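Here's the structure we're looking at; comments come further down.
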Amino acid sequence: MGRRNLGIWNYIRFYRFNSILIKNFLLIISSTVLPLIIIIFSVYTYNTANIRDEIKTTNINALSNVRNMVDTTISRGDMISAQVAAEEDITSLISYREINPSRLYKSFYDLYRNMGYITSTNDIIDSVYVYFENSNFIFSADGNSMDLQHFSDKGWFSDYELYKSEKYHVGARKVSDIFGGNVKNFISIFRAINNNGNEGMAIVNIDIQKLKNIIDNADNYRNGRDLIILGKDGTIIYSTDLTLITKNIKNEKSLNEIFINKKDNYFTHKINDTGKIITMLDSQYNGWKYISITPLNQYSQRTYDFRCFLLIAILICIVIAIIISFFISIKIFQPVKEIVSLFKTSDDWSGIVQEKDERGFNEFKYITKNILNSLNKTTQMENELKERLKLLRKAQTISLQAQINPHFLFNTLETINWKAMMLTGGENEVSKMIGYLSQLLRLSLETENSIVTVETEIKHVKCYLDIQKICYKNKFDVIWKIDSRIYGYKMIKLTLQPLVENAISHGIKPKSGKGIISIEGKEMDDYIEISVTDDGIGMPPEAVAELNESMKDDYIKENSHIGIKNVNQRIKLIFGDEYGATVESRYNEYTRAILKMPKEK
């Protein structure tokens, strides 16, 4: 019996998604895979949230460690500056109007010894200066003490002039060597010295490069991660990019956007079209702000690996579910498959199920026997119906062709009669009309073949129009817009002429003045369209709607529009209900009759 049954793949290929097999398969697989996908998606969402929280915690902790370390460094620098400002030798030298180190050897010796100890025990301290305003003298812990005008590092003096009234100031600055080539970046701590109205300043210079090395080694602020420390006024005190130091963040567009779009102390932001994680913390020692800028792609590998793992797990589960669902669907479909095979190979089954007392008789054979009986009866009825329908269509086609209104022929003959009375001899209008009429009569009387090419039908319409132009001199002009590509397609003969006749009789003739008839034919995607348009009196909207609705009937009423209804019915009988004629019109403007026919050659 397996040879009689259609293969499973034949069912799938023939019925596609309408097959019971496919529907069962989709139902089973959706009931297994969908919950699985929901579970995996929930795991992914939960894990992703945990990863985000972990990244946030990592960044905040890393920045917090750096903040504490830098705050401690600045605090130590403050202590050193306070210690220097409190030195007894310093407070005594500040009142001198002129300082000569060789004469004050003992004081300078003690100062060099104490300052040297400070710088040697604090690697991050680059230098310590003391400025005496009365003598315009600068003391340097490295032994390079001299008048200010000869001192190589004068960059701090502008800060001194600006902030000496504040007694204390911390800021970033850049120092070039005497040749202007090598640039050092300092965080300088300024502390005012005042002794009985005599003023000076202790300056502690912290080497930013050394500070950067400590930060990089301590919390891995390398490989794309940036750290920025801002002063109270927005000046960049420290940056992983040393070129930004001393600049104001408001002048750096990409960085300033961080504050403009700031939503929280931890958020993501795009800098130069690159995703960044922004972490901000305020100093616990002064008014500075610490900003960590970490590329998102530093964490993308972890999330990417997790996504790949989940994707592979989903694919494996889907493949297993598809295989299991397919075999279950085939098992469920097997009885249906055997029933369906009856309709494909009913003759082979006719000898298998006879009487119900036959050996092996069961529910399946009982259903089969009844189906076979129904099939036999249905087949007999279908054959009888086909024969009757064939005769009916043939009779209906002949009847409809015979219903072409003869009014035109009678009017033409009457016109020929009058012309014959007025004209004699040679080539004249009478002879022309008779020639055109003979061609039309020949086509009308040839009933053996009702299908002609578009080109042949157009030739007959042109004959008809030549006659009508003689009948209605200067009453209308004809514009032809026929795509030559449709000439070879088939159409029913005498379907276009009734439309032209209606255009003249019902559109042009009642109109005052000269009219225009436009005949257009074009090729569409899967059909051809031929239309006849006149600029006559048109039709009211209700008349157009009534006409189009009446053409849906299977019979034709006797009225003034029998021609187009006849044409519509003939097209539907021969080509099918999806083809036929429709009418468009606007009162006092135009009427258009449209034929839709299949692309058949």
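Scanning the range 195-205 turns up no residue that is closer than 19 Å to residue 285 by Cβ, modelled with pLDDT of 85 or more, in contact with a strand residue (DSSP E or B) (Cβ under 9 Å, 6 or more places away or on another chain) and not assigned by TED's automatic domain parsing to the domain that holds residue 135.
Considering the conditions (1) of a type in the set (Val, Ile, Thr); (2) within 29 Å of residue 292 (Cβ to Cβ); (3) surrounded by fewer than 14 Cβ atoms within 10 Å (Cβ to Cβ), residue 170 is excluded by exactly one of them, (3).
Considering the range 242-279, and only residues there that are touching a residue at least 40 places away in the same chain (Cβ under 8 Å) and of a type in the set (A, V, I, L, M, F, W, C), the residue that is surrounded by the fewest Cβ atoms within 10 Å (Cβ to Cβ) turns out to be 242. Would you confirm whether or not the range 560-570 contains a residue that is modelled with pLDDT under 85, of a type outside the set (Val, Ile, Thr) and more than 30 Å from residue 514 (Cβ to Cβ)? Within the range 560-570, none of the residues are modelled with pLDDT under 85, of a type outside the set (Val, Ile, Thr) and more than 30 Å from residue 514 (Cβ to Cβ).
Which of the numbered conditions does residue 76 fail, given that it passes all the others? Conditions: (1) over 22 Å from residue 192 (Cα atoms); (2) surrounded by fewer than 17 Cβ atoms within 10 Å (Cβ to Cβ); (3) touching a residue at least 40 places away in the same chain (Cβ under 8 Å). Looking at each condition in turn, residue 76 falls short on (1). Condition first: surrounded by 15 or more Cβ atoms within 10 Å (Cβ to Cβ), out of contact with any Cys (no Cβ under 7 Å at 6 or more places or on another chain) and more than 27 Å from residue 88 (Cα to Cα). Can you find one or more residues in the range 137-153 that meet it? Within the range 137-153, not a single residue is surrounded by 15 or more Cβ atoms within 10 Å (Cβ to Cβ), out of contact with any Cys (no Cβ under 7 Å at 6 or more places or on another chain) and more than 27 Å from residue 88 (Cα to Cα).
Within the range 176-190, the residues that satisfy the criterion of being of a type outside the set (Val, Ile, Thr) and either modelled with pLDDT under 90 or not assigned by TED's automatic domain parsing to the domain that holds residue 157 (or both) are 176, 177, 179, 180, 181, 182, 184. When the range 325-356 is limited to residues that are part of a helix (DSSP H, G or I) and either modelled with pLDDT under 60 or on the phi > 0 side of the Ramachandran plot (or both), the one that is surrounded by the most Cβ atoms within 10 Å (Cβ to Cβ) turns out to be 349. Of all the numbered requirements in (1) at pLDDT 80 or above; (2) out of contact with any Leu (no Cβ under 7 Å at 6 or more places or on another chain); (3) part of a strand (DSSP E or B), residue 233 misses one, and that requirement is (3).
Filtering the range 268-282 to residues that are under 28 Å from the mean Cα position of the chain (by Cα) and aliphatic (A, V, I, L, M) leaves 271, 277.
Restricting the range 370-404 to residues that are at pLDDT below 60, under 56 Å from the mean Cα position of the chain (by Cα) and among the aliphatic types (A, V, I, L, M) leaves a set whose member that is surrounded by the fewest Cβ atoms within 10 Å (Cβ to Cβ) is 392.
Of all residues in the range 160-175, those satisfying the criterion of being farther than 16 Å from residue 77 by Cα and either over 59 Å from the mean Cα position of the chain (by Cα) or charged (D, E, K, R) (or both) are 160, 161, 164, 165, 166, 174. All but one of (1) out of contact with any helix residue (DSSP H, G or I) (no Cβ under 7 Å at 6 or more places or on another chain); (2) modelled with pLDDT of 80 or more hold for residue 62; which doesn't? Going through the list (1) out of contact with any helix residue (DSSP H, G or I) (no Cβ under 7 Å at 6 or more places or on another chain); (2) modelled with pLDDT of 80 or more, residue 62 breaks only (1). Of all the listed residues (492, 479, 530, 470), the sole one being crowded, with 16+ Cβ neighbours inside 10 Å and modelled with pLDDT of 95 or more is 530.
Anything in the range 108-127 that is assigned to a loop (DSSP other than H, G, I, E, B) and hydrophobic (A, V, I, L, M, F, W, C)? List them, or say none. Hit for the range 108-127 is 124, nothing else. A Cβ distance below 9 Å, combined with a sequence gap of six or more or placement on separate chains, defines the contacts here; from the range 24-51, residues that are without any contact (Cβ under 8 Å) to a residue 40 or more places away in the chain and over 30 Å from residue 331 (Cα atoms) reach residues that are part of a helix (DSSP H, G or I) and hydrophobic (A, V, I, L, M, F, W, C) in the pairs 41/310.
The values are calculated or read from the model by the stated rules, or taken from the named source; none is laboratory data. All figures in this text were calculated on a predicted structure; none of them were measured in a lab. Heads up, the Cβs are rebuilt from the backbone with ideal geometry, glycines too, and the neighbour counts pull from every protein chain shown.
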